[in-house]
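The values are calculated or read from the model by the stated rules, or taken from the named source; none is laboratory data. Note that the structure is predicted; figures quoted are calculated from it, not measured. Glycine gets a Cβ as well: all are built from the backbone with ideal geometry, and neighbour counts include every protein chain shown. Protein only, heavy atoms only, side chains kept; ligands, DNA and RNA dropped before computing areas. Shrake-Rupley method; radii C 1.70, N 1.55, O 1.52, S 1.80 Å.
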Amino acid sequence: MTRKKLIAGNWKMNKTSADAVSLARDLVAAVGTAPEVEVVICPPFTALEAVAKVVDGSLIKLGAQNMHYEASGAFTGEVSAPMLRAIFTTHVILGHSERRTLFGETDELVNKKVLSALKNQLKPILCVGESLAEREAGSTLKVVQTQTERGLEGVSKEQASTLVVAYEPVWAIGTGKVATTEQAQEVHAFIRGLLTKHYGEAISQKVRILYGGSMKPANAPELLAQKDIDGGLIGGASLEARSFVELIKAAAAIA
Ligand code: 13P
């Protein structure tokens, strides 16, 4: 089965609302009507609504970078799934390694967020990945298995088909050190195997598994050509229209 490639930009804590609108406009002009690749951009919360207006009517979809699992309440500083849905957000990055390491997010918390996102018809982009120490200790697959299985606890078969998983080796994020195609493909195939075990072959073949970690136009074609690499979750190279568009074109060339 052929899965449509998905290129997602994680803008992290970058860009004011005005800067975000300007980048989104450039992206709409360049790739807003290209159907070969699914494109999702994830600006900071403060820019979501303004960017939603810019991408409206184009094929570019909107994602958030995090959310709380409750729908509303006394959770100062947090944002919920219904709030994101109300401004036309369709995707949400959950369990990013920066959330896990800098903000103490556990698998249990990430799982609550995944379930809440799915309940509210938001598509989770569940991030998993090992640290350098874990890779060197030979525990990459164990770490990825735990994060994937715990993160997806209680997710039904029906819900699973809308999931996106992102494999982001922590040592490759923002470091310029990209995983080799063999390293990445091995983990991607392993994740698909886990999805097959829990949800069956038909569903696991539908789920997009993205690679993230220093993906750039120069290394993307080789990574994206791997059997189980269905796209990218891009940090640094998504902050500029030119490099992000090149990545989308690299994915389209393979699709
Ligand atoms: P970089 O592409 O900057 O390495 O970031 C990857 C990432 O963390 C995307 O979520």
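Brief remarks on what is shown
- Distance between the modelled labels on ALA225 and THR196, one decimal in nanometres: 2.4 nm (7 Å Cα→Cβ projection).
- FRET efficiency estimate (nearest 0.05) - Cβ-Cβ, ALA253 to GLU70, R0 30 angstrom: 0.10
- Where labels lie 7 Å past Cα in the beta-carbon direction, separation of SER17 and GLN183 in nm: 4.1 nm
- Inter-label distance, SER58 to ALA34: 1.2 nm, where each label sits 7 Å from its Cα along the C-beta direction.
- In the context of the full set of protein chains, the chain has a per residue accessible area of 44 Å² (1.4 Å probe).
- Summing Lys and Arg as +1 and Asp and Glu as -1 over all other residues whose Cβ lies under 9 Å from the Cβ of VAL110 gives a net charge of +2.
- Candidate lysines - alpha carbon under 17 Å from LYS113, same-chain residues fewer than 8 apart omitted: LYS123
- Percent carbon-and-sulfur accessible area, the range 195-239, ignoring ligands, DNA and RNA, probe 1.4 Å: 57 percent
- The residues SER156, SER97, sorted by heavy-atom accessible surface at 1.4 Å with ligands and nucleic acids left out, run SER156, SER97 from largest to smallest.
- Solvent-accessible surface of protein heavy atoms, probed at 1.4 angstrom with all chains present, puts LYS12, LYS53, LYS112 in the order LYS53, LYS112, LYS12, largest first.
- Separation of the alpha carbons by more than 19 angstrom is noted, of LYS119/LYS227; LYS5/LYS177; LYS4/LYS142; LYS4/LYS61, for LYS119/LYS227; LYS5/LYS177; LYS4/LYS142.
- Probe 1.4 Å, all protein chains present, accessible-area order of TYR69, TYR199, TYR167, largest first: TYR69, TYR199, TYR167
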